[in-house]
Amino acid sequence: MILLIVQALNGFQLGMLLFLIASGLTLVFGVMKFVNLAHGVQYMLGAYLGVTFATHAGGFWPGLVLACITTGLVGLGLEWLIYRHLYNRGDLEQVLATFGVIITLNEATRLIWGSSPLQLAMPEALSSTFQLMPGLRYPIYRVALGLTGIAVAVLLAVVVNTTRIGMLIRAGATSQEMVSALGVDIGRLFRIVFGIGAMLAGFAGVLAAPLVSVEPGMGESLLILAFVVIVIGGLGSIRGAFVAAIIVGLVDTLGRAMITTLAHTLLSGPSAARLGPALASMLIYLVMACVLAVRPAGLFAGRA
């Protein structure tokens, strides 16, 4: 029971991290119809900048703020330099260009910070644990990460549903041509959406840095999970990204723990060690296939 509770909490925390990445990605997909494979690089860049700024700016919190701002500016720079020339091009050109950005920024990261993994220290106020139940203590930082994801989800919902910029984002996701015909600067709207998406990815990178190794290419695996999230949740839906991120986080974490444990119960050691992780890694894709079989546009897709 303790293992189940801990893995469920870890799955929720992973889900909130995925939501921070997927929310920006689903905005870019939903509004700009742009296939940005380099979104995971923004997550990696946020982690590296968080480590650097925290070391030279006086701690975790100044590093978090400066890293988010800088990641957003880098995202805007990439949009101005590369991405804006690809909006009217096909998916293949967008995929190839953003894959080139992945390779370039990964190698630039190695040149600047080296290949050795880095680590960001947790803020002192959140570095302890608390007693969740008798015999179980849980890190405060992981709880704070989950609550931060919920707060960001609420903030995004308020912005998208109640503000003028949110109205324009929703309109742009429905019909870019109509929004442009009504006198809205669609290029400026794209830049705002892209900047928000880059900042959210960088924010997720800084929050993840105390829990994982900060190293080149760290964003690719989470980017795949983020794509699964937006496919399950529905393209352009913040609510869908939130619900799907929780589903994917729980299925992935609980699946890896429970299937591996079950495999060791039923099979011998070497066979269980191979079969358990292999089956666990398939679970989220099986969930995605089941959702697409029932709702091809995702759980919370807008009306066609």
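Where a number appears in this text, it was derived from the coordinates with a stated rule and is not lab data. What you see is a predicted model, and the numbers here were worked out from it, not measured in a lab. Note that we place each Cβ from the backbone using ideal geometry, even for glycine, and neighbour counts take in every protein chain shown.
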Original post:
Once both axes come from the Cα atoms, what is the angle between helix 91-113 and the longest principal axis of the chain, in degrees from 0 to 90, rounded to 10?
Top reply: 60
**OP:** Could you size up the charge dipole of the chain around its Cα centre, putting +1 on the beta carbon of Lys and Arg and -1 on that of Asp and Glu, and report it in debye to the nearest 20?
**Re:** 480
**OP:** Note down the magnitude of the dipole of region 157-252 about its Cα centre, charges +1 on Lys and Arg C-beta and -1 on Asp and Glu C-beta and zero elsewhere, to the nearest 20 debye.
**Re:** 380
Original post:
Tilt of helix 39-57 relative to the longest C-alpha principal axis of the chain, in degrees (0 to 90, nearest 10)?
Top reply: 80
**OP:** Among (1) 58; (2) 64; (3) 50, find the value of percent of Cα pairs over 23 Å apart that was calculated from the structure presented, and write down its label.
**Re:** (1)
Subject >> Sites GLU220 and ALA181, calculated FRET efficiency, Cβ-Cβ separation with R0 41 Å, nearest 0.05 >> reply: 0.60
**OP:** Averaging sequence separations of C-alpha pairs under 8 Å and six or more residues apart, then dividing by the length of region 158-291, give the relative contact order as a whole percent.
**Re:** 14
**OP:** Work out the FRET efficiency for VAL95 and LEU126 from their Cβ-Cβ distance, taking R0 = 45 Å, and round it to the nearest 0.05.
**Re:** 0.70
**OP:** Relative to the longest principal axis of the C-alpha atoms of the chain, give the angle of the C-alpha long axis of helix 60-81, reported between 0 and 90° and rounded to the nearest 10°.
**Re:** 40
Subject >> Charge dipole (the chain, unit charges on Cβ, about Cα centre) - positive-most of PRO139, THR104, PHE53 >> reply: PRO139
**OP:** Quickly rank 284-297, 18-31, 98-111 as a protection proxy: mean count of other C-beta atoms within 10 Å, highest first.
**Re:** 18-31, 98-111, 284-297
Subject >> Segment VAL212-ALA278, extension gain: residue separation times 0.36 nm, minus the distance between their alpha carbons >> reply: 21.6 nm
**OP:** For each of ILE112, ILE82, count neighbouring Cβ atoms within 10 Å of the residue's Cβ, then give the residues from fewest to most.
**Re:** ILE112, ILE82
Original post:
Between LEU132 and residues 5 or more places away or on another chain, which pairs have amide H atoms under 5 Å apart, with H built 1.01 Å from N, and which residues are they?
Top reply: ARG137, TYR138
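Quick one: length gained pulling VAL294 to VAL159 fully straight, 0.36 nm per residue minus the C-alpha distance?
Working: separation 135, 0.36 × 135 = 48.60 nm, distance 3.04 nm.
Stretched fully, the VAL294-VAL159 segment lengthens by 45.6 nm.
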Subject >> Highest-MSF residue in the chain out of VAL251, VAL35, VAL212 [GNM, Cα springs under 10 Å] >> reply: VAL212
Original post:
Taking the Cα centre of region 1-130 as origin and charging only Cβ (+1 Lys, Arg; -1 Asp, Glu), how large is the dipole, in debye to the nearest 20?
Top reply: 120
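I want the local charge near MET282. Using Cβ-Cβ distances under 12 Å, sum +1 for each Lys or Arg and -1 for each Asp or Glu among the other residues. Please report the intermediate quantities before stating the final value.
Details: positive: ARG256; negative: ASP252.
Every neighbour counted, the sum reads 0.
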